[in-house]
Amino acid sequence: MGIFSKLGWFFKQEKKRYFIGITFLALTSLANLIPPRVLGLMADQLDKGHVSWSEYAALIIAVLAAAFTLYILRYFWRKQIWGGAAELERQMRSKLFDHFMIMDRTFYQRHRTGDLMAHATNDVSAIQNVAGDGVLTLVDSLVMGLSTMVAMIIFVDWRLTIVALLPLPFLALGAWKLGDHLHDAFDKSQAAFSRLNNKTQESITGIKVLKTFGQGKEDTAAFDKMVDDTIKINKKVFVWDSLFDPLGTAIIGATYVITIIYGGLLVNHHVLSIGQLVSFIAYISNMVWPMFAIGYLFNILERGSASYDRVEKLLQEKPLITDAHADNTLSAEDLQGDLDYQIKSFAYPDEKDIPVLKNIDFKLRPGQTLGLVGRVGAGKTTIIELLLREFDQYDGQITLNGKDIRTIPLKLLLSQISYVPQNNFLFSTSIGRNIAFSSEDADQEDIALAAQKSDLHEDVLKMPKGYQTLVGENGLSLSGGQRQRMSIARAVLKDTQILILDDALSAVDAKTETEILSALRKERENKTTMIAAHRLTSVMDADLILVLKNGQIVERGNHQQLLAENGWYAEMWRRQENGGEDINE
């Protein structure tokens, strides 16, 4: 029953709804006592050998009235209790989604997408069942069971009731013993479902790679093995769960046997009438549901409890990036100024003994462009991630108009930055809506202008539906260059103080690259631009170019100054000019 304590906050919040629902549910259980009593009275009349049509009609009307009353009562309790369950589901899903939105990069490194999806679907559904089926089963079984026992005592005989229900304690004992095993089994079952869900999501997302490398059979075999493992785990759940029904059946069978033997003796000794024995047997049929409900209830509660623990464990995780020290009086105008990096050292949280940046210092005035170049792993993207506040734990500071970015509210800071990564993400909607993603008020003219600046407009016009063309999941129907240019158009439309291109032109040809950069220079005369690239032509017009190696600045200057130094930059420039060798060679 611990899950009800865990959900106490919700039941307290929805106490009025559940009070009404439980009241009507209890009345429903009480109304169910009428038909067995009427059946017993009818049996007594028939046993006496005379029953008038008026008496017969009265009994029939009583049964019909009870049926109509049950119909009305069931409508109201279903509306309240199922409505409460739906509200719990809504709140739990919203909690999880809001939590996902505030969590930072390290959270998503620890948890895979499929696992998070399983928490938000399968686990939430199991918790919802507690507020719906769980409440129904608990209240209905208790009220019906207790009221039926009271009716047995009042309308039939207290001795027969006590003797017939002697097997019940064994049912309660068995349910208690099986409950602990069920909780552990359900916890493992939910975890197995998460792994299977993640594997499915991963395989579908990477279907092109699987087919290209001819790994379809191997991946299918791996998936089948995971399915088999999941089934084995679920079989253990079914073993423990299936023990409830035979236990209930045995208890019900024992109750019927005792009733027939002992009840028959009481009838023979004229302690009971035939009608009372018929009513008692009918009441036992009412006890079938409460007895079986114990197993069903434990199933719901243990599954819900295991799922709630999993979800709560996720919700207890805190983001490393917070606004705990933010100055909430700042506005966008307060951030218009120089961008200044003074980083002595930085290491990733899970590798604190391995610095990835050392002595990074530079200053950019509004209107200037920074170029970041170097081999893979040199630290280009890490410099950008610090500005985006994906990490805050570093020795030094980054300031914007003299204000440490860690004191700027995260939402305000990010509203002043447009970021275009190399591996951009597109939503499964139209080209127009993808471009206007961060600018909901943009009209068609604004969208087209942004597409022109990213050299995408002409490509879109050639498509049958133009800007209404659907891009497919993550831009599946577009080329790599089109996806990159669409992300650049999205960033241009946002029109922020700082624009970051993180190798965002790698999939376009040299001519297109030149046109895009030329348009951006005109567009951003008084705004800051950061370009991380492997192709040096992307940064040749930058005001400041930093050459990085092992997280440190080894060369700095503009294009001409770096060529004159005749260092790594000059060597790479000559290679790319002559043969187009990759910067990492």
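We did not get these values from a lab; they are worked out from the coordinates using the rules stated. Just so it is clear, the model here is predicted, and its values are computed rather than measured. Every residue, glycine among them, receives a Cβ derived from its backbone with ideal geometry; neighbour counts consider all protein chains shown.
Observations on the model:
- Expressed to the nearest 5 percent, the antiparallel share of DSSP beta bridges inside the chain is 55 percent.
- Remark: the Cα gyration tensor places the range 291-378 in the prolate category, a/c being 1.5 or greater and a/b exceeding b/c.
- Amide hydrogen proximity for LEU499: with H placed 1.01 Å from N in the peptide plane, the residues at 5 or more positions away or on another chain lying under 5 Å are SER418, THR528, THR529, MET530.
- Phi to ³J(HN,Hα) by Karplus 6.51 cos²θ - 1.76 cosθ + 1.60 over the range 437-446, Hz, x for Gly, Pro: 3, 9, 9, 4, 8, 5, 9, 4, 5, 5
- Legend: ranking of residues ARG365, ARG535, ARG74 from fewest to most surrounding C-beta atoms inside 10 Å; resulting order ARG365, ARG74, ARG535.
- Sequence-ordered 3J(HN,Hα) estimates for the range 100-110 from the Karplus curve with 6.51, -1.76 and 1.60 and θ = phi - 60° stand at 4, 5, 9, 6, 9, 4, 4, 4, 6, 6, 7 Hz, glycine and proline given as x.
- Dipole orientation for the chain: of the candidates GLN342, LEU88, VAL267, VAL267 has the Cα lying most toward the positive pole (charges on Cβ; Lys, Arg +1; Asp, Glu -1).
- Cross-link partners of LYS12 among aspartates and glutamates, defined as those whose alpha carbon lies under 15 angstrom from its own and excluding same-chain residues fewer than eight positions apart: GLU87.
- Using the Cβ-Cβ distance between GLU577 and LEU476 with R0 set to 35 Å, the FRET efficiency works out to roughly 0.50.
- Dipole orientation for the chain: of the candidates THR529, VAL547, ALA507, ALA507 has the Cα lying most toward the positive pole (charges on Cβ; Lys, Arg +1; Asp, Glu -1).
- Spin-label pair PHE19-GLU317: with each label point 7 Å from Cα along the Cα-Cβ axis, the two points sit 4.0 nm from one another.
- Cβ crowding within 10 Å, taken as a proxy for footprinting-reagent exposure, orders LYS16, LYS199, LYS235 from fewest neighbours to most as LYS16, LYS235, LYS199.
- At R0 = 35 Å, FRET efficiency that the Cβ-Cβ distance of GLN393 and ILE231 yields, to 0.05: 0.20
- Note: relative contact order over the chain, using C-alpha pairs below 8 Å and six or more positions apart, is 14 percent.
- Of LYS344/LYS527; LYS318/LYS411; LYS188/LYS236; LYS16/LYS79; LYS453/LYS494; LYS95/LYS199, pairs whose Cα-Cα distance is over 20 Å: LYS344/LYS527; LYS95/LYS199
- ³J(HN,Hα) computed for each position of the range 57-69 - Karplus, 6.51 cos²θ - 1.76 cosθ + 1.60, integer Hz, glycine/proline x: 5, 5, 5, 5, 4, 4, 5, 5, 5, 5, 5, 5, 4
- Dipole of the range 2-315 computed with +1 at Lys/Arg Cβ and -1 at Asp/Glu Cβ about the Cα centre; of GLY214, ILE162, LEU277, farthest Cα towards the positive end is GLY214.
- Taking the Kirkwood radius as Rh and the Cα radius of gyration as Rg, the chain has a ratio of Rg/Rh equal to 1.18.
- Listed from fewest to most Cβ neighbours within 10 Å, the set GLU302, GLU458 follows the order GLU458, GLU302.
- Per-residue ellipticity at 222 nm, computed for the chain from helices alone with -39500 (n - 2.57) per DSSP H run of at least four residues, works out to -20000 deg cm²/dmol.
- Quotient of Cα Rg and 2.2 N^0.38 Å for the range 2-315, N being how many residues it contains: 1.30
- Estimated FRET transfer efficiency when R0 is 30 angstrom, pair VAL63-THR200 (beta carbons, to 0.05): 0.05
- The range 2-315: relative contact order in percent, alpha carbon pairs under 8 Å with at least 6 residues between: 33 percent
- Close amide H pairs (under 5 Å, H built 1.01 Å from N) link ALA347 with VAL356, residues at least 5 positions away or on another chain.
- Built amide H within the under 5 Å cut-off of GLY557, gap 5+: ILE545
- Nitroxide proxy distance, nm - points 7 Å out along Cα→Cβ at PHE362 and TYR75: 7.2 nm
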